[in-house]
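Right, one structure below, let's go through it.
The values are calculated or read from the model by the stated rules, or taken from the named source; none is laboratory data. Nothing here was measured: the structure is a model prediction, and the numbers come from that model. No Cβ is skipped: glycine too gets one built from the backbone with ideal geometry, and neighbour counts run over all protein chains shown. These accessible areas exclude ligands, DNA and RNA; they are computed on the full protein's heavy atoms, side chains included. Shrake-Rupley method; radii C 1.70, N 1.55, O 1.52, S 1.80 Å.
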Amino acid sequence: MNRQPMFTPQQLLSFVAVCETASFTRAAERVHLSQSTVSQQVRRLEEMIGKALLERTSHQVVLTEEGEKLLGYARRIIALNGEAHDVLSDKWRDGVLRLGVPEDFAAPTAGLLAQFSREHPQLRLDVMSGMYVDLHRAWQREELDIMLIKQPGGERPLASRPEPLLWLDSAEHPCFEQTPVPLVVFPQLGLYREEMCQTLDTLGRSWRISYSSASLVALASASAAGLGLTLLPASCRLPGHRVLDASDGLPPISHFELALFCRSPQDELQQALAAALVEFCHLKWQ
């Protein structure tokens, strides 16, 4: 198998400089080489191709038809070489930012992330959305740089705000008066599940798990349809829901918060995205 001769980046840089300046002297100044070296590199290209690339006179340098063809390829090769260097060096500094968000914040924050990406075009966003337990484990394994999470009060975040919760029952097919009370909950270790069960135990009410899902949207829909009582953020309330409160014997649950964690707050990129999330979610710095 015959190997084709390879154009070197320096040969192409010299060739493009001659084409754009129409002068070997000015081209040599641009690429910081001697005029004889630039001439030698262009001559080597012509030998490799077997055709003249430039027509030289005492007054000017003019591209031949083959020279015009090579010029386009040369510019593309030089640009690609520069891009490869930037990606693999510190110049492509933005790199990857790993963000974890609750399921119900994945879609609402898409516009914010799109704007952030436009401001940092080299950035790649790796976004994980899911349950509290999954996000928290990923954070502990240092798989996330920034985490927006719903949690019971405790671990001190960078910023936070209270997360209002509502007891939600179906307006058309109420479940709270049933015995045992059917519950719509997250899987084990999911948020709000323990609070629901403990509250009903304290009230002396028997209960059963009627529906379990890791999807917040699914839980909201299931409870509105009459599959059971649930405890969810106020933002999840649907038209088919009936809100229960202290007048129904159910106490408010007020110790949950929406919290933001940033692994390296001193990092400019992480700091910028964290600040954008704080403003978007109306959080307060701690």
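From the list 281, 262, the one residue that fits, being open to solvent by less than 30 Å² (accessible area, probe 1.4 Å) and over 26 Å from residue 218 (Cβ atoms), is 262.
Of all the listed residues (188, 198, 178, 122), the sole one being under 30 Å from residue 276 (Cα atoms) and either without any contact (Cβ under 8 Å) to a residue 40 or more places away in the chain or part of a loop (DSSP other than H, G, I, E, B) (or both) is 122. Residues in the range 2-35 that are of a type in the set (Gly, Ala, Ser), over 20 Å from residue 68 (Cβ atoms) and surrounded by fewer than 19 Cβ atoms within 10 Å (Cβ to Cβ): 34 alone. Looking only at the range 265-274, which residues are over 15 Å from the mean Cα position of the chain (by Cα) and either crowded, with 17+ Cβ neighbours inside 10 Å or closer than 11 Å to residue 158 by Cα (or both)? Across the range 265-274, the qualifying residue is only 265.
Remark: pairs (first residue in the range 51-66, of a type in the set (Gly, Ala, Ser); second residue surrounded by fewer than 15 Cβ atoms within 10 Å (Cβ to Cβ); Cβ separation under 9 Å; 6+ apart in sequence or on different chains) = 52/64. Can we say residue 172 is touching a residue at least 12 places away in the same chain (Cβ under 8 Å) and open to solvent by 20 Å² or more (accessible area, probe 1.4 Å)? Against the criterion (touching a residue at least 12 places away in the same chain (Cβ under 8 Å) and open to solvent by 20 Å² or more (accessible area, probe 1.4 Å)), residue 172 qualifies.
Name the single residue, out of those in the range 203-242 being over 25 Å from residue 129 (Cβ atoms) and among the polar types (S, T, N, Q), that is least open to solvent (accessible area, probe 1.4 Å). Among residues in the range 203-242 that are over 25 Å from residue 129 (Cβ atoms) and among the polar types (S, T, N, Q), the one least open to solvent (accessible area, probe 1.4 Å) is 210. When 183, 200 are checked against the criterion of being open to solvent by less than 50 Å² (accessible area, probe 1.4 Å), within 23 Å of residue 239 (Cβ to Cβ) and modelled with pLDDT of 95 or more, 183 stands alone in meeting it. Being of a type outside the set (A, V, I, L, M), touching a residue at least 60 places away in the same chain (Cβ under 8 Å), touching a helix residue (DSSP H, G or I) at 6+ places or on another chain (Cβ under 8 Å) and within 23 Å of residue 280 (Cβ to Cβ): is that true of residue 261 here? When the stated conditions are applied, residue 261 passes them. All conditions in (1) touching an Asp or Glu at 6+ places or on another chain (Cβ under 8 Å); (2) open to solvent by 60 Å² or more (accessible area, probe 1.4 Å); (3) of a type in the set (Lys, Arg) hold for residue 150, with the sole exception of (2).
Can you say whether residue 227 is part of a loop (DSSP other than H, G, I, E, B), in contact with a strand residue (DSSP E or B) (Cβ under 9 Å, 6 or more places away or on another chain) and either over 30 Å from residue 126 (Cβ atoms) or modelled with pLDDT of 95 or more (or both), as far as the supplied structure shows? So residue 227 passes the test.
Anything in the range 234-253 that is touching a strand residue (DSSP E or B) at 6+ places or on another chain (Cβ under 7 Å), within 17 Å of residue 150 (Cβ to Cβ) and not in a helix (DSSP H, G or I)? List them, or say none. Residues satisfying the conditions are 237, 253.
Screening the range 1-88 for helices (runs of 4 or more DSSP H) wholly inside it with 2 or more residues that are modelled with pLDDT of 85 or more and within 30 Å of residue 122 (Cβ to Cβ) returns the ranges 9-21, 24-31, 65-88.
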